C-alpha cells in the first residue's frame, strides 16, 4: 500500500497567495506523514532545476507535473519524468499562453502542446472547484485516470457511484517556510513498484484506492499524529474538561466546509428574544419560497409601474382640444398645414416579446434530453427544428421591418417639425388610443389581482420532522408591518392610507425615497409564518430549540462534515433517542459526523461506527491531551502514542457513570416493572 499526494505546489505563481518555498518543510511533510509518492504540480509552470533538487532531497518518489488552467477548470498533468527537458519546454508553452490569472488554454491547445495525452497521468478537478466540466470534460474523458475531490465525504460518494471517476484526495498544499499545520489529505493505492502506468492501472480499479492504509474507506486521517476517524458516525466520550470540545475545535480548523453546532447554541435564553430570533430565522430560510410565490406578481407590478393613467388622461384631453381647434381652423389652413405629412401618424413598432418566447420554447424542447422520449412521442425533433427556423426567420423579418419603420418615422417627425415651424395652424397631437385603452385595462386587472392577493389563506404547508411550517397571506393593517416585510426602516403612513386602492398605492410606493423596484411587490401582501407542533399549536420555547436543532442538522447535508457538541445539554432523552438519532444516523451515511456526548441515548443507542475517548493529564507540568479510538466492538481503544484502554470500561464510565450506577439503575427499573 502506497500513500500518495500528487498535488503539491513549490513555486508561487500569479494564482497563488504569498508563500516562500522551503525544502526542509517539504521534507518534514513527506517524513512525518510517511508519504511514499509525491508530484510537483505548480500552476501553469514547471521548473526543472528546482525539481531535480527536490528529487535529490525528498525521501520519496517524486514525479514532475503541472496544474493547467483550462477554460472550465484546473487539470493535473503528470509526467513519468523520463525527459525533463522536453517536459519543461512543453510546460513553457503553457506558461506563455497563460500569463494572467484570468487566462486559460483550450483542449485543442493542450493536445497540440503535449501530443498524445495517454502518455501522461491526467487528473481533473472533479468534485472540487474549479472543476473541469462541459465539453472540456467530455473531450478529455478518455485520458482521465481519476478525478480529484476535496473532502472525505465526496471521496466516499464517488466511490459508491459506479458512473463516477475513481476519486483522489490530495493536499493541494504550498510547501511554505515554517508550516505550522501539515496537510492531512492523501490517498492510498494498492500498488507494488511505483511507475506512472502502475498508478494509472490502480486508478482504473476503485478496489485498489483507499482513504486509509489499514481500514480502506471506513476511516480517514484527521491529525498529523496519525489519528483517524470514521467516514460515518463517530462518538467522542470523556470526562468533563477532558478535551472533547478541544478536539471538535481542532477538527473545525483542520477542515473546510464544516457544520459545527456548539453546545448550548440552540438553547432558549430569553422568551421574547428567542421567539423574535426564531421567527426571523424561519422567515429568512423561507424567503426563497416567498420570492417564487410573488415572482409572477412582481412582473405585473413592474409592468404596471410603467403605466401613467394621469398622463394618458392629459394626452387625451390635449388631443381632443387640438382636434377641435384644428377642425375650427379647417377653412383657414395654409399650404404648409395642408401637406399630408403634417397630420401623418407614425408607423407602429412591433413588440416581439411573444415571438421571442415562442422561439425560446421551441429551442428548449429541441435541447431537452431528460424528456426527449416523451417529446418525440408527440412531435418529431426535425419538425421542431423547422418550426424554430421559421420563427427565427419571422423575427428577423419583423426586426428588419421595424428598423425600416423607425427610420421612416424619424423622417416623418423631422418633416412635421419643419412644417410646424412654418405655419400657424394648430397641430393635432398624435396619441396611441390602443395603448391608452390597454393601459386602463391593465390597471383594472392589476387592482383585481392585488385585491385577490390580499385574501387571507394558507399558501405553504410543509411537514418537517414532526412539526409543520405554515405560511399565510393577508392584508397589511399597520405601517410598521410594511417596514418589517422589507427589513428596512421606512415610513409608510402615507402609503397605508392608499392601501385599499392598489394602483394609487403603487404610485405612492414609486415615489418613496427609501424604496427601489426590488421591494415594491412585497408591500402588497403580508406573509406570516407559524411553526405548528404535532398537536396543532404554536411551538413552545423548548420545541423551538428542538426544531432549530433538527433544521441545523438537516442543513449539515450542504457541508462536508458535521460536528455536534453535547446535544443532551439542551434536550430530553425521548427527543434525542427518536428524531435526533434518526437524522444523525441518516446523515452519517453520506458524510463524517462527530458527536460529543455523555448520554447513553446518543453514545450507545445511536450505534456509532467509531468511538473516540478524550483524556487530559498533566505531565512534567504540561497539559497533555490524548485521544483513544477504535470500533465499538474492539476490546481496547488505542492512542497514537501506543497507550491502550479498555473499551468496555470507557463506555460504562462515560455513558453509565460506572458499573455500580448501571447495575443500580437496572435494579430500580426491574423493581418498578415488577
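The values are calculated or read from the model by the stated rules, or taken from the named source; none is laboratory data. Nothing here was measured: the structure is a model prediction, and the numbers come from that model. All Cβ positions, even for glycine, are placed from backbone atoms using ideal geometry, and neighbour counts span all protein chains on display.
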From the list 326, 386, which one is modelled with pLDDT of 85 or more and in a helix (DSSP H, G or I)?
386
Looking at residue 112, is it in the same structural domain as residue 188 (by TED's automatic domain parsing) and touching a residue at least 12 places away in the same chain (Cβ under 8 Å)?
no
Yes or no: the stretch 73-80 includes at least one residue that is in the same structural domain as residue 145 (by TED's automatic domain parsing), surrounded by fewer than 17 Cβ atoms within 10 Å (Cβ to Cβ) and in contact with a strand residue (DSSP E or B) (Cβ under 8 Å, 6 or more places away or on another chain).
yes
Of the residues in the stretch 444-462, those that are assigned to a helix (DSSP H, G or I) and either touching a helix residue (DSSP H, G or I) at 6+ places or on another chain (Cβ under 6 Å) or touching a residue at least 12 places away in the same chain (Cβ under 8 Å) (or both) come to 446, 447, 449, 450, 451, 453
Qualifying position, being in a helix (DSSP H, G or I), more than 28 Å from the chain's Cα centre (by Cα) and within 26 Å of residue 223 (Cβ to Cβ), among 90, 27, 111:
27
Which numbered condition in (1) more than 25 Å from residue 240 (Cα to Cα); (2) at pLDDT 75 or above is the only one that residue 561 fails?
(1)
Looking at residue 342, is it more than 30 Å from residue 520 (Cα to Cα), surrounded by 12 or more Cβ atoms within 10 Å (Cβ to Cβ) and not assigned by TED's automatic domain parsing to the domain that holds residue 411?
no
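Where in the stretch 168-282 are there strands (runs of 3 or more DSSP E), lying fully within it, with 1 or more residues that are surrounded by 22 or more Cβ atoms within 10 Å (Cβ to Cβ), over 31 Å from the mean Cα position of the chain (by Cα) and modelled with pLDDT under 90?
Output list reads 233-238.
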Check off (1) touching a residue at least 60 places away in the same chain (Cβ under 8 Å); (2) surrounded by fewer than 23 Cβ atoms within 10 Å (Cβ to Cβ); (3) more than 22 Å from residue 116 (Cα to Cα); (4) in contact with a helix residue (DSSP H, G or I) (Cβ under 8 Å, 6 or more places away or on another chain) for residue 26 and give me the number that stays unchecked.
(2)
Between 468, 403, 441, which is modelled with pLDDT of 90 or more and either outside the structural domain of residue 354 (by TED's automatic domain parsing) or part of a loop (DSSP other than H, G, I, E, B) (or both)?
441
Within the stretch 308-323, is there a residue that is at pLDDT below 85, exposed (fewer than 15 other Cβ atoms within 10 Å of the Cβ) and not assigned by TED's automatic domain parsing to the domain that holds residue 409?
yes
Please work out which residue is nearest to the chain's Cα centre (by Cα), limiting yourself to the stretch 136-167 and to residues that are part of a helix (DSSP H, G or I) and free of Cβ contacts under 8 Å to residues at least 40 places away in the same chain.
158
Residue 18: passes all of (1) over 21 Å from residue 146 (Cα atoms); (2) part of a helix (DSSP H, G or I) but (2)
Is at least one residue of the stretch 598-610 modelled with pLDDT of 80 or more, touching a helix residue (DSSP H, G or I) at 6+ places or on another chain (Cβ under 6 Å) and in a strand (DSSP E or B)?
no
Set 62, 149, 94: member being more than 24 Å from residue 52 (Cβ to Cβ) and modelled with pLDDT of 95 or more:
149
May I ask you to verify whether residue 480 is surrounded by fewer than 19 Cβ atoms within 10 Å (Cβ to Cβ), over 23 Å from residue 445 (Cβ atoms) and at pLDDT below 80?
no
How many residues are farther than 13 Å from residue 303 by Cα and in contact (Cβ under 8 Å) with a residue 60 or more places away in the chain if we restrict to the stretch 508-524?
2
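What do you reckon, is residue 290 assigned to a helix (DSSP H, G or I), touching a strand residue (DSSP E or B) at 6+ places or on another chain (Cβ under 9 Å) and farther than 14 Å from residue 427 by Cα?
yes
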Looking at the structure I just gave you, is residue 506 buried (at least 19 other Cβ atoms within 10 Å of the Cβ) and modelled with pLDDT of 80 or more?
yes
Within the stretch 485-503, can you find the residues that are over 18 Å from residue 444 (Cα atoms), modelled with pLDDT of 75 or more and buried (at least 17 other Cβ atoms within 10 Å of the Cβ)?
492, 495, 496
Whichever residue in the stretch 463-477 is surrounded by 19 or more Cβ atoms within 10 Å (Cβ to Cβ) and within 30 Å of the chain's Cα centre (by Cα) and, among such residues, is nearest to residue 501 (Cα to Cα)
473
